[in-house]
Each structure stands twice: as structure tokens, then as C-alpha cells.
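Enquirer: Take a look at this one; I'll ask things after.
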Amino acid sequence: MSDKQKKKIAVLGAGMSALSAVHEMTNYDGWQDDYEITVYVRGWRVGGKTATGRGVNMRIEEHGIHIMQGWYNNAFRLIQDVYAEREAKKLDPDCPIQTWKDAFIEDNGTLLMEYSPTEGRWINWPMVFPGNDAVPGDGPPLTVWQLFDKALALALEAILGSPYQTGEEAWEKWILDLFFPPQSENIPALNADSPLPKVSRGGNTTTVVASTVLSGSNTVAAGGVPSTRPHWWSGFVEKIEADYKHVEARVEVKMLSHVHDLVKEMAQHETGTPIVSATGVPHHETIIEGLDHFIEWLLHGVKERLMEDNKIRRIVTMLEFMVVNMKGILKDVYDPVTHELDFERIMKYDYREWIAMHGASQRVLAFPITRFMYTGIFQNEYGDDLTGGRVAAGTALRLTTLAFGYKGAFVFKFRCGTGETLITPIYQVLKARGVKFKFFQRVHDIHHSDTGEIERITIADQVTLKNPGAGYDPLVPFKGFQCWPAEPLYDQIDPDQARAMQAKNVDLENSWSDWTDVKARVMTKGTDFDEVLLAIPVSALKSITTEIMEHDISWKEMIENVKTTQTQSMQLWIKPNLSELGFDLNAWGMRDDSEPNTVCYQDAMYSWIDMSLIIDCEDWDASNKPGFLVYFCGALRDELEIPDFSDHGFPLQELRRVQNSSEQWLIDNAGIFWPNATLNEIPMGFDFRKLIHPSNPNASSYQRYFSQFFKANVDPSVRFTLSVPYTKQYRKKPDESGYKNLFLAGDWTNYGANAGYIEGAATSGLLAGQAMRKKFGRTNHQVVFSSTQDKN
């Protein structure tokens, strides 16, 4: 196709979904014969919510906490492809990170903080996720039955175990004594008329995993997927029968083993017919009944000790949590004919509401993992009350089933900033492929047309470049990394405009900024673009799609009903290291080489993570170098009324709100984690003198505090997309905009899991990129995994 015949694709937005879409559109030989691509970027950097800025002392400044998880199948595949291409083409040979494996640090330890009413304080629940040799991004997610099979064992291995238990034999005895105390006569057996077979298990018939929780070792079954039965399980029933003959609960234990066998049989069944026993009872009904009986028996056996012993309470709560969710899936979501899950059936319920319908106790409703369903995706502040937020049950459950299928590790930290580790390599690869990036471009309006296509887009130059012909070069080198600065590179901007921006402290990424675009223009179809990829977040669409909303009620309903929230973050650079602050890893249930993180502590900064590993990527004098770097984040409840963009003081007002509430949070909570950093006058409060001021070693306590990095993510373009009940139906798929030449990308689209996170943005982007390619007759697409039902 000649250059005159090539189509022009305009990409509006430059976050993770846009980059993923463009990577997919250019990830095939010959794409240049079909079209050319221009990405229009507001401000001076790409990345959207994953953008990183380098501030004073080349500090890495993020929008919040960014990590990858081992079940991010699409995002990891994208990252692996990008790093391989960058290395093969030698696009950044001086970068300290050359391969995707070098770009991440595995982190399998998490602190599940929970409030104990009986003790009147927050207590720790260390969660150690066993690692495995599977590769994230390699192959499809596990099927639902594989996930059930894994969940039955993973919960036992990750929760019942302790990294500091001394030996398998001691562990087996502890389990047996817990559930079957010697001479105990208070554990009832099932009724003899139970329809469940009274089967026995003999020998070790499955490949087993040596527990990372117990011994630190790790083996995997064939295919790289961990086996799903703890190594002590095979002899569990036999040991009870041999050593605890007085216990009349052998039927229940055999029954649970039988349930596990039924799950494994279901995992191997792929026909379009229900699986039934010889008596005609469908397996899934037998599993439900067996789970019900097991929990009833379990709760009866430990009820007297349930609230006296945290370990017993946690084991029982974890098992209850598993059973309630598995029962609910089998009753409400599972189709016994197709053997698939239809999460749409429960999207109208809040997750807590739904599990309560299936017998969840108050323990389960307050369970840290239950709370993480809300805090992990910032749903906890949604709603008119303070009851913990609302999240669509289908979304929460879909994410849970996907997460249980993690590969490699549960959490992967970035080796440097999100910008350097994730965004820069993608940007470099796309640039090398021939994609054009135009910076300082703000979309004013996407206009409706009765032709059924987008015919006009009004866009504006935010600034005038000093050398327009050369374009804008956004990256600065530092320690081998190509970095994104926290502010524009003013030496590339018209000097008068640069001085005016600096004098007024203008933020071109903020819609409330006191700045007038220098020039608006109308781009037209056939001249400036032919196809459009809209990858601007849904909360920012209201002001740029007014004509479309007037003509298409579905757009108006989408923009009004797909909810979003503000978020907040704080980064602290602290002089003492974690140990010197009084954080004893072993006492917190973690290994010596662990880097702690919490996911559901007390609002508002309920999540924090140790990011000390990136200190060496910054610029610190030896005499003023941090020993500990910690990131915090949480949801930020909206003000009762958010002003229009003429109120230029609103962003600063919200930033001050974050700083003030964070100060109070540290005064109220820091001592629980860092007892050596407190004050006598405020026993739980943080001593701000331990913070590092980037330039003044003699700074006062409050000067040190306010020199740290705080972020109020209030701009519509960085608000976090929520998934609340009764809203999924308003989302549009990437290829159903209603306009023939308009495609959509973002975690606000209907892409499958429908939650706001990196994997969601990547998945939606990949689907949008493939939809665009299909229009050009390309069919050789890679599989995009958007649910547990996807197959190779």
C-alpha cells in the first residue's frame, strides 16, 4: 500500500491501555503497509496512572503503589515481548535492566492486618504465598476446576503453615492435635445415612509440592504448575486412623478427601454434559453437600476455642472463606452443562452481600482477604456510608479465581520506578517500530457525526516547542536509565512560555491548572486521521464527548454509571533502615530476606510497601542516604462537591488534605510497625526527625515531613475505575463504540474482569488493538486471556 493509501490512526491518550493497544497493532510483520500511528499525549510523559516522575535528587515519584502479580497473564506476556525486542534491537544497551526477569523482584510475603475486637487492637496475620516454577504470562489461566483443586491445597499450605515451623513431623502433630485433641470426645461424626461415599485413600498417588511455607523448598509437577495437594495430605487420613482411634470423625476427613478427588475429576472433564455419580447425583451437588458437612463438623469441633486462639480462628476462617466462595460459585455461577462460569449472574450483588447469602459468618465478612477485595481495588470508600464500600460480586470473584492461578510468585516488585521498568521499554520499542508521539496535546472535543463515524476532533497544543520540527524528547539519562522527569523539560519549550509556567507552577497534566492552551485546531477524517483509538479514562470523557452523549444515550449512561474514585499516596524517605526502626521480620512472621507490605490496614493509608530496593536508583549523598523507603496509598473519598475546572485552587486543596490526614495517620499508627521511630509524648506517633530532607540536613521536623512526596490523584484522567453492582451493563466493549472508526481502550471498558488495574488496562488495550487489526483484515492474533474460561 502506498503512503497515500495508508490509513492514519489517531491514538488519544497514552496510558497503559493505549500503549498495549499500539503494541498489539504493530506486533505483526507488515503493519506499516496498512497504517501509520500517532499517539497524542497530554503533557510531557506517557504512562497515565503508571507514569513516574523524577523529582529532586532524582527521587522516583509515583501516582501510588504499582506492582505486578503472577496472574497478570496479558501484561506479563507484553512485557516479555517488549524486553526481548528491546534487547535484540539494542535499543537501550546501557540500561542496567536488560531482561524482563531482571526487571522484577519476587515478593511472596504479605501482612494481612486485622482488627481484633477481643484484644482491642490491630494484629498481624502474615501470609506467605508459596512460589512455583511457572512463568507468569506463559499460557492461559487455570480453569475453574484447576483453581478449585489448587485452592483446597494452597489455603492449607499458605495459611496453616509457618515459615518457621521446625520440620514436617512437628507440623503434622500440631495439625492433628488442633483438630483431634487426644481423648477428645466432642467431635460428632456424620450421620450414617450420608450419601457421601465412605472412601479411604491409600498411598501417595499425586505429585506433591514440598511446602515453601515449611521448608523453603519448591518443586513442581509436570508442566510447571505446582501440584495441588500439600505433601502431608496423602497420609493425613491414615495417620488419624492409626494414632487417633478414639476420634469418631474419620468419615468427615475421608469425605473431604473424596470432595478433593471429585474436584480433580471435574478439572479433567471437558465434555458438554454434567458429571454425575453412579447414583445419578451431579458431582457439583455432591461437592456442595460435602463442603457443608465439613464446615459444620469443623465449627462444632473447635467452637470452644475459636475466639481464644488466633491461629485456630484464622485456620477456621480461611476454610470457611474457601467453602463459602466455592459453594456460591457452584450454586450461582457454575453451569454444569458447559462447565463454565457465568459471573454476570451475580454482578447485581455486592460481594459481602453475596457471600452472606451463602452462609458467610461475621468472621468471614471481616476476614482480611474479604476486606482486600475492596481495598485492593480502592472500592472501600464507595457509597454513602462507612461500611467498607461496595464491589460487584462477579468482579471480586473473577479476580479471586484468577489470582489463585498465579505463576512464579504472587507479587512482583519493579526493580526501578514504574516508568523506567515498564513504560520506558514499551515507549522505546514503539518508537523504534515507527510510532509517532506528539506531546503537549490536549483533546478538547470528540465531535458527533450523523455519518456513523468520527469526522472531527478538536485538539490543542498546550505549549509551543522551541524547535517544533524536532519534536519533544521526553527522557533524561541517569545511572544508565532513561527517566521521565517530574516536570517538563523547559529548555525544549518556548522560553517565554517556560518562564510563565514555572512562575505559576503550572501542571499541564491537571485539568484545574491556570493555563490557557496556546492553539486549538480541528483534526478531520481523511486528512489528519482515518481511525481513532480512544484511550482516555472514562472520568475524563464527560468534558470531551458532550456531543456524543447528547446523541447517544448509551454513552451518557456509561459515563454517568461507570464509577471512579480519587486516590492518595505518600512516599517517605527515612534515615534508619527497617531493622533500626524496630521492625523485626521474624516477629512479624516473615523471613529475614522479606520486604514487607500490607494491603488492608487501617484507613486511610491502608496499604504500604517497602520499596528500599530502589534507593540506589536515586541520587543521594552517602551522608544523607535513606536506609528505608516506604510507599503508602489508599482511596481518597470525594468532596461533597467537586468544583469545575475554573477553581484553580482545588488540586492544592486536595493535596493539603492528603498531607494533613497522612500526618494524623502517622501520629496514630506508625508505632505499631516502627516502635523505634516514636516519641515519648506520642507513643504511637512517628518522629518526623527521622525523615530525610532532600537538600537540608538541618531541616525542622515539619520541613522534613512536607519535603516528602504526596499525591492527591484528583484529575479525571487519573481517577481509579471502580466496579460496583448494577454497573457492568453500562460498559462498552473495545469494538462497540457505536462509531465505525472509533475503538475504545481502558480498564473502564467491558474487557472481561472489569476492574481497574494494570492487567485490566493491558487486556483492554490488547483487545482494542486486535479489533483495529481485524478491520484491516489481519487475523493472526495471539490469544488475549480475559477470564478463567480462556483456552489456548
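Enquirer: Mind checking which lysines have their C-alpha under 26 Å from residue 331, skipping anything on the same chain fewer than 8 residues away?
Expert: Filter leaves 150, 198, 254, 264, 348, 728, 791.
Enquirer: Before I look further, what does segment 327-431 give for accessible area per residue, probe 1.4 Å, in whole square angstrom?
Expert: Heavy-atom accessible area per residue stands at 30 Å².
Enquirer: On to the next question. How large is the accessible surface per residue of segment 465-545, computed with a 1.4 Å probe and reported in Å² as a whole number?
Expert: Values: 3800 Å² over 81 residues.
With the other protein chains kept in place, segment 465-545 gives 47 Å² per residue.
Enquirer: Report, to one decimal in Å, the Kirkwood hydrodynamic radius for segment 289-352 based on all distinct Cα pairs.
Expert: 13.4
Enquirer: If we restrict to alpha carbons, what Rg and Dmax does segment 324-395 come to, in Å?
Expert: Answer for segment 324-395, Rg first and Dmax second: 12.7, 41 Å.
Enquirer: Related question: Run the 1.4 Å probe and let me know the accessible area of residue 442, rounded to the nearest 10 Å².
Expert: Ignoring ligands and nucleic acids, residue 442 comes out at about 80 Å².
Enquirer: State the extension gain, in nm to one decimal, for the chain segment bounded by residue 476 and residue 648, taking 0.36 nm per residue of separation less the distance between their alpha-carbons.
Expert: On the way: separation 172, 0.36 × 172 = 61.92 nm, distance 2.98 nm.
Full-extension gain reported as 58.9 nm.
Enquirer: Taking Cα centroids, how far is segment 463-486 from segment 429-457 in Å?
Expert: A separation of 21 Å, based on Cα centres.
Enquirer: When only DSSP loop residues count, what trypsin sites (Lys or Arg not before Pro) in segment 706-792 have their Cβ near at most 10 other Cβ atoms within 10 Å?
Expert: Loop-located and lightly packed - 791.
Enquirer: Another question about this same structure. Looking at segment 1-108, which chymotrypsin sites (Phe, Trp or Tyr not before Pro) are DSSP coil and have at most 15 other C-beta atoms within 10 Å of their C-beta?
Expert: 28
Enquirer: At 1.4 Å probe size, what's the solvent-accessible area of residue 687? Round to the nearest 10 Å².
Expert: 10
Enquirer: Right, next: Ignoring ligands, DNA and RNA, what accessible area per residue does segment 685-792 give at 1.4 Å, in Å²?
Expert: Values: 3730 Å² over 108 residues.
Ligands and nucleic acids excluded, the figure is 35 Å² per residue.
Enquirer: Separate question: For segment 448-528, take the alpha-carbon Rg, divide it by the Kirkwood Rh, and send me Rg/Rh.
Expert: Rg/Rh for segment 448-528 comes to 1.08.
Enquirer: Please sort by residue number the GluC sites (Glu not before Pro) in segment 372-477 whose DSSP state is loop and whose Cβ has at most 16 other Cβ atoms within 10 Å.
Expert: 453
Enquirer: Above 20 Å lies some portion of the pair distances; for segment 672-792, what is it as a whole percent of all C-alpha pairs?
Expert: Distances greater than 20 Å cover 63 percent of the Cα pairs.
Enquirer: Taking the Cα centre of segment 643-691 as origin and charging only Cβ (+1 Lys, Arg; -1 Asp, Glu), how large is the dipole, in debye to the nearest 20?
Expert: Result for segment 643-691 is approximately 220 debye, rounded to the nearest 20.
Enquirer: Take the solvent-accessible surface of the protein heavy atoms, probe 1.4 Å, and return the percent of it on segment 1-152 that carbon and sulfur atoms account for.
Expert: Its accessible area is 48 percent carbon and sulfur atoms.
Enquirer: In Å and on Cα atoms, what radius of gyration and Dmax does segment 10-155 show?
Expert: Here Rg and the maximum Cα pair distance are 20.2, 69 Å.
The values are calculated or read from the model by the stated rules, or taken from the named source; none is laboratory data. No experiment lies behind these values; they were computed from the predicted model shown. Glycine gets a Cβ as well: all are built from the backbone with ideal geometry, and neighbour counts include every protein chain shown. Protein only, heavy atoms only, side chains kept; ligands, DNA and RNA dropped before computing areas. Shrake-Rupley method; radii C 1.70, N 1.55, O 1.52, S 1.80 Å.
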